[in-house]
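Beneath this line is the structure, given in C-alpha coordinates, with notes to follow.
The values are calculated or read from the model by the stated rules, or taken from the named source; none is laboratory data. This one's a predicted model, so the numbers in the text were calculated from it and none came from an experiment. All Cβ positions, even for glycine, are placed from backbone atoms using ideal geometry, and neighbour counts span all protein chains on display. All accessible areas refer to the heavy atoms of the entire protein, side chains included, with ligands and DNA or RNA removed. Shrake-Rupley method; radii C 1.70, N 1.55, O 1.52, S 1.80 Å.
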Amino acid sequence: MSSRSDAAPPSTVALAAPVVTIDGPSGSGKGTVSRMLAQRVGWHLLDSGALYRVVAHAGRLLGLAPDDVAGHTRIAEQMKVEFEYSGAGRERIWLDGADVAAAVRDETAGAGASRVAAWPEVRAALVARQRAAALPPGLVADGRDMGTVIFPDAPLKIFLTASAEERAKRRHKQLKEKDSAVTLPGLSREIAERDRRDATRPVAPLVPAADAIVLDSTTLSAVAVTDAIVALGRTRALWGEC
Ligand code: C5P
(Lines give C-alpha, C1' and ligand atoms only; values in the text may rest on other atoms or scores of the structure.)
Protein backbone atom coordinates (compact mmCIF):
# COMPACT_ATOMS: atom_id res chain seq x y z
CA MET A 1 0.00 0.00 0.00
CA SER A 2 1.69 3.21 -1.07
CA SER A 3 -0.77 6.02 -0.28
CA ARG A 4 -0.25 7.84 2.98
CA SER A 5 -2.28 10.54 4.68
CA ASP A 6 -0.78 13.90 3.68
CA ALA A 7 -3.28 15.89 5.75
CA ALA A 8 -1.87 18.26 8.37
CA PRO A 9 -0.98 16.31 11.53
CA PRO A 10 -4.04 16.08 13.79
CA SER A 11 -3.84 17.87 17.11
CA THR A 12 -2.73 15.94 20.17
CA VAL A 13 -5.56 14.27 22.05
CA ALA A 14 -5.22 13.48 25.76
CA LEU A 15 -6.48 9.94 26.32
CA ALA A 16 -7.58 8.22 29.52
CA ALA A 17 -6.17 4.88 28.31
CA PRO A 18 -3.93 3.45 25.55
CA VAL A 19 -5.55 2.75 22.18
CA VAL A 20 -4.71 0.29 19.41
CA THR A 21 -6.24 1.45 16.14
CA ILE A 22 -7.23 -1.04 13.43
CA ASP A 23 -8.25 0.65 10.19
CA GLY A 24 -8.89 -0.81 6.78
CA PRO A 25 -11.42 -1.37 4.02
CA SER A 26 -14.56 -3.49 4.17
CA GLY A 27 -13.80 -7.22 4.31
CA SER A 28 -10.18 -6.79 5.41
CA GLY A 29 -11.06 -8.76 8.56
CA LYS A 30 -10.64 -5.83 10.94
CA GLY A 31 -13.99 -6.41 12.66
CA THR A 32 -13.19 -10.04 13.52
CA VAL A 33 -9.58 -9.26 14.41
CA SER A 34 -10.55 -6.28 16.58
CA ARG A 35 -13.06 -8.39 18.52
CA MET A 36 -10.54 -11.22 18.98
CA LEU A 37 -7.81 -8.82 20.07
CA ALA A 38 -10.02 -6.94 22.55
CA GLN A 39 -11.12 -10.22 24.10
CA ARG A 40 -7.60 -11.62 24.26
CA VAL A 41 -6.02 -8.60 25.95
CA GLY A 42 -9.13 -7.69 27.99
CA TRP A 43 -9.56 -4.22 26.48
CA HIS A 44 -12.72 -2.35 25.42
CA LEU A 45 -13.84 -2.40 21.79
CA LEU A 46 -15.01 0.49 19.62
CA ASP A 47 -16.71 -0.53 16.36
CA SER A 48 -16.90 2.93 14.80
CA GLY A 49 -18.46 1.65 11.56
CA ALA A 50 -21.46 0.52 13.59
CA LEU A 51 -22.01 4.13 14.72
CA TYR A 52 -22.31 5.29 11.09
CA ARG A 53 -24.54 2.31 10.33
CA VAL A 54 -26.81 3.17 13.26
CA VAL A 55 -27.07 6.80 12.12
CA ALA A 56 -28.11 5.67 8.62
CA HIS A 57 -30.54 3.11 10.01
CA ALA A 58 -32.13 5.58 12.43
CA GLY A 59 -32.53 8.07 9.58
CA ARG A 60 -34.39 5.45 7.58
CA LEU A 61 -36.63 4.61 10.55
CA LEU A 62 -37.48 8.29 10.94
CA GLY A 63 -38.21 8.61 7.21
CA LEU A 64 -35.45 11.20 6.63
CA ALA A 65 -34.55 12.02 3.03
CA PRO A 66 -31.27 10.27 2.11
CA ASP A 67 -29.61 13.69 1.60
CA ASP A 68 -30.87 15.28 4.84
CA VAL A 69 -27.51 16.26 6.38
CA ALA A 70 -28.98 18.27 9.28
CA GLY A 71 -31.41 15.51 10.24
CA HIS A 72 -28.72 12.81 10.24
CA THR A 73 -26.35 15.11 12.16
CA ARG A 74 -28.99 15.58 14.85
CA ILE A 75 -29.29 11.80 15.14
CA ALA A 76 -25.49 11.46 15.45
CA GLU A 77 -25.49 14.06 18.23
CA GLN A 78 -28.46 12.78 20.20
CA MET A 79 -28.87 9.02 19.66
CA LYS A 80 -28.59 6.75 22.69
CA VAL A 81 -26.66 3.73 21.49
CA GLU A 82 -25.04 0.93 23.47
CA PHE A 83 -23.03 -2.07 22.33
CA GLU A 84 -22.94 -5.47 24.00
CA TYR A 85 -20.60 -8.26 22.88
CA SER A 86 -20.77 -11.80 24.17
CA GLY A 87 -17.76 -14.10 24.15
CA ALA A 88 -19.42 -16.23 21.44
CA GLY A 89 -19.23 -13.34 18.99
CA ARG A 90 -22.89 -12.42 19.41
CA GLU A 91 -23.54 -8.69 19.46
CA ARG A 92 -26.44 -6.53 20.47
CA ILE A 93 -26.74 -2.90 19.46
CA TRP A 94 -29.27 -1.01 21.52
CA LEU A 95 -30.74 2.07 19.86
CA ASP A 96 -33.12 3.85 22.18
CA GLY A 97 -33.91 0.53 23.87
CA ALA A 98 -34.39 -1.66 20.74
CA ASP A 99 -31.83 -4.21 19.48
CA VAL A 100 -30.95 -3.11 15.92
CA ALA A 101 -27.90 -5.37 15.45
CA ALA A 102 -29.41 -7.45 12.63
CA ALA A 103 -30.75 -4.43 10.76
CA VAL A 104 -27.52 -2.42 10.85
CA ARG A 105 -25.43 -5.33 9.50
CA ASP A 106 -27.18 -5.57 6.12
CA GLU A 107 -25.83 -4.04 2.92
CA THR A 108 -28.49 -1.29 2.91
CA ALA A 109 -27.19 0.00 6.24
CA GLY A 110 -23.59 -0.44 4.97
CA ALA A 111 -24.28 1.69 1.89
CA GLY A 112 -26.22 4.19 4.02
CA ALA A 113 -23.30 4.38 6.48
CA SER A 114 -20.87 5.13 3.66
CA ARG A 115 -23.21 7.93 2.46
CA VAL A 116 -23.67 9.65 5.86
CA ALA A 117 -19.98 9.11 6.72
CA ALA A 118 -18.97 11.37 3.83
CA TRP A 119 -20.61 14.38 5.55
CA PRO A 120 -18.22 16.39 7.77
CA GLU A 121 -21.12 17.41 10.06
CA VAL A 122 -21.97 13.78 10.89
CA ARG A 123 -18.29 12.87 11.39
CA ALA A 124 -17.76 15.85 13.71
CA ALA A 125 -20.85 14.90 15.73
CA LEU A 126 -19.37 11.44 16.45
CA VAL A 127 -15.82 12.46 17.46
CA ALA A 128 -16.35 13.02 21.21
CA ARG A 129 -18.40 9.83 21.55
CA GLN A 130 -15.58 7.80 19.98
CA ARG A 131 -12.81 9.38 22.08
CA ALA A 132 -14.85 8.80 25.23
CA ALA A 133 -14.58 5.06 24.56
CA ALA A 134 -10.86 5.13 25.43
CA LEU A 135 -11.24 3.85 28.99
CA PRO A 136 -8.82 1.82 31.15
CA PRO A 137 -7.32 -0.65 30.73
CA GLY A 138 -7.33 0.21 26.99
CA LEU A 139 -9.30 0.37 23.76
CA VAL A 140 -9.17 -1.49 20.46
CA ALA A 141 -10.65 0.96 17.92
CA ASP A 142 -11.90 -0.44 14.61
CA GLY A 143 -12.68 1.85 11.67
CA ARG A 144 -11.41 3.91 8.76
CA ASP A 145 -9.96 7.01 10.47
CA MET A 146 -9.09 5.72 13.94
CA GLY A 147 -5.34 6.23 13.49
CA THR A 148 -5.52 9.35 11.30
CA VAL A 149 -8.22 11.49 12.96
CA ILE A 150 -9.83 10.08 16.10
CA PHE A 151 -6.77 8.70 17.94
CA PRO A 152 -3.74 10.35 16.24
CA ASP A 153 -1.52 9.60 19.27
CA ALA A 154 -2.37 5.89 19.57
CA PRO A 155 0.75 3.91 20.53
CA LEU A 156 0.00 1.15 17.98
CA LYS A 157 -1.75 1.67 14.64
CA ILE A 158 -2.57 -1.16 12.27
CA PHE A 159 -3.85 -0.78 8.71
CA LEU A 160 -5.35 -4.09 7.68
CA THR A 161 -5.87 -4.85 4.03
CA ALA A 162 -6.59 -7.81 1.72
CA SER A 163 -7.07 -8.24 -2.02
CA ALA A 164 -10.42 -6.95 -3.36
CA GLU A 165 -11.32 -10.48 -4.51
CA GLU A 166 -10.69 -12.01 -1.08
CA ARG A 167 -12.63 -9.23 0.66
CA ALA A 168 -15.67 -9.76 -1.58
CA LYS A 169 -15.52 -13.52 -0.91
CA ARG A 170 -15.44 -12.96 2.86
CA ARG A 171 -18.39 -10.56 2.79
CA HIS A 172 -20.31 -12.96 0.55
CA LYS A 173 -19.78 -15.81 3.00
CA GLN A 174 -20.95 -13.61 5.90
CA LEU A 175 -24.02 -12.23 4.16
CA LYS A 176 -25.37 -15.17 2.21
CA GLU A 177 -26.40 -16.91 5.45
CA LYS A 178 -28.81 -14.03 6.14
CA ASP A 179 -29.66 -12.89 2.63
CA SER A 180 -29.86 -15.48 -0.16
CA ALA A 181 -30.23 -12.77 -2.84
CA VAL A 182 -26.63 -11.61 -2.32
CA THR A 183 -24.38 -12.53 -5.28
CA LEU A 184 -20.58 -12.43 -5.45
CA PRO A 185 -20.39 -10.22 -8.59
CA GLY A 186 -22.99 -7.82 -7.14
CA LEU A 187 -21.13 -7.65 -3.85
CA SER A 188 -17.77 -7.11 -5.59
CA ARG A 189 -19.25 -4.11 -7.42
CA GLU A 190 -20.75 -2.68 -4.19
CA ILE A 191 -17.48 -3.14 -2.29
CA ALA A 192 -15.48 -1.49 -5.09
CA GLU A 193 -17.91 1.46 -5.08
CA ARG A 194 -17.80 1.76 -1.26
CA ASP A 195 -13.96 1.58 -1.27
CA ARG A 196 -13.81 4.28 -3.93
CA ARG A 197 -16.16 6.56 -1.97
CA ASP A 198 -14.36 5.96 1.36
CA ALA A 199 -10.88 6.53 -0.13
CA THR A 200 -11.71 9.64 -2.16
CA ARG A 201 -13.97 11.60 0.19
CA PRO A 202 -12.47 14.95 1.23
CA VAL A 203 -13.00 14.38 4.98
CA ALA A 204 -11.18 11.55 6.80
CA PRO A 205 -10.55 9.42 3.69
CA LEU A 206 -9.56 5.79 4.15
CA VAL A 207 -5.75 5.99 4.09
CA PRO A 208 -3.15 4.51 6.44
CA ALA A 209 -1.75 6.89 9.07
CA ALA A 210 1.89 7.77 8.35
CA ASP A 211 2.93 5.69 11.39
CA ALA A 212 0.60 2.74 10.76
CA ILE A 213 1.86 -0.81 10.27
CA VAL A 214 0.25 -2.22 7.13
CA LEU A 215 -0.74 -5.91 7.40
CA ASP A 216 -2.05 -7.84 4.39
CA SER A 217 -4.52 -10.51 5.55
CA THR A 218 -5.23 -12.03 2.10
CA THR A 219 -3.61 -15.35 2.98
CA LEU A 220 -3.77 -15.09 6.79
CA SER A 221 -6.45 -16.32 9.19
CA ALA A 222 -7.98 -13.90 11.69
CA VAL A 223 -6.17 -15.79 14.48
CA ALA A 224 -2.81 -15.36 12.71
CA VAL A 225 -3.41 -11.61 12.25
CA THR A 226 -4.46 -11.27 15.90
CA ASP A 227 -1.31 -13.16 16.99
CA ALA A 228 0.81 -10.72 14.96
CA ILE A 229 -0.84 -7.71 16.60
CA VAL A 230 -0.52 -9.23 20.09
CA ALA A 231 3.21 -9.68 19.42
CA LEU A 232 3.54 -6.07 18.22
CA GLY A 233 1.71 -4.79 21.31
CA ARG A 234 4.03 -6.80 23.56
CA THR A 235 7.12 -5.22 21.98
CA ARG A 236 5.56 -1.81 22.75
CA ALA A 237 4.80 -2.82 26.35
CA LEU A 238 1.04 -2.40 25.88
CA TRP A 239 0.41 -5.77 27.53
CA GLY A 240 2.36 -8.76 28.76
CA GLU A 241 1.85 -12.44 27.95
CA CYS A 242 -1.76 -13.07 26.88
O1 C5P B 1 -16.82 -0.94 8.98
P2 C5P B 1 -18.20 -0.87 8.43
O3 C5P B 1 -18.39 -1.62 7.14
O4 C5P B 1 -19.23 -1.22 9.43
O5 C5P B 1 -18.41 0.68 8.08
C6 C5P B 1 -19.52 1.11 7.33
C7 C5P B 1 -19.16 2.41 6.63
O8 C5P B 1 -18.98 3.44 7.59
C9 C5P B 1 -17.85 2.38 5.83
O10 C5P B 1 -18.02 1.97 4.49
C11 C5P B 1 -17.38 3.81 5.89
O12 C5P B 1 -17.97 4.56 4.85
C13 C5P B 1 -17.96 4.34 7.18
N14 C5P B 1 -16.96 4.47 8.25
C15 C5P B 1 -16.23 5.62 8.29
N16 C5P B 1 -15.35 5.83 9.31
C17 C5P B 1 -15.18 4.91 10.26
C18 C5P B 1 -15.91 3.70 10.22
C19 C5P B 1 -16.80 3.50 9.18
O20 C5P B 1 -16.34 6.47 7.43
N21 C5P B 1 -14.34 5.16 11.25
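Taking trypsin sites (Lys or Arg not before Pro) across segment 134-242, the ones in a DSSP loop with at most 12 further Cβ atoms lying within 10 angstrom of their Cβ are LYS178, ARG236. Element breakdown for segment 19-235 at a 1.4 angstrom probe: carbon and sulfur atoms account for 57% of the accessible area. Across the options PRO202, LEU37, GLY112, the greatest Cα extent toward the positive end of the charge dipole of the chain (unit charges at beta carbon of Lys, Arg, Asp, Glu) belongs to LEU37. For the chain, what proportion of DSSP beta bridges, expressed in % and rounded to the nearest 5, is antiparallel? Around 30 percent antiparallel, to the nearest 5.
Per-residue surface analysis assigns SER188 an accessible area of about 50 Å², computed on protein heavy atoms at 1.4 Å probe radius.
Distance between Cα centroids, segment 212-242 to segment 166-189: provide it in whole Å. One Cα centre to the other: 27 Å. Taken per residue, the accessible surface of the chain reaches 47 Å², heavy atoms only and a 1.4 Å probe.
Over all projection directions, the Cα-based convex hull of segment 19-235 averages an area of 11.4 nm². Taking segment 175-215 on its own, what percent of its Cα-Cα pair distances exceed 17 Å? It works out to 53 percent of all Cα pairs.
From the Kirkwood radius over Cα pairs of segment 113-242, Stokes-Einstein at 37 °C and 0.692 mPa s returns a whole-number translational diffusion coefficient of 197 µm²/s.
Rounded to the nearest 20 debye, the dipole size of the chain about its Cα centre is 200 debye, using +1 on the Cβ of Lys and Arg and -1 on the Cβ of Asp and Glu.
Only Cα pairs under 8 Å and 6+ residues apart enter the sum, and on that basis the relative contact order of the chain stands at 34 percent. Taken over segment 19-235, lysine pairs spaced eight or more positions apart, or on distinct chains, with alpha carbons under 16 Å apart number 4.
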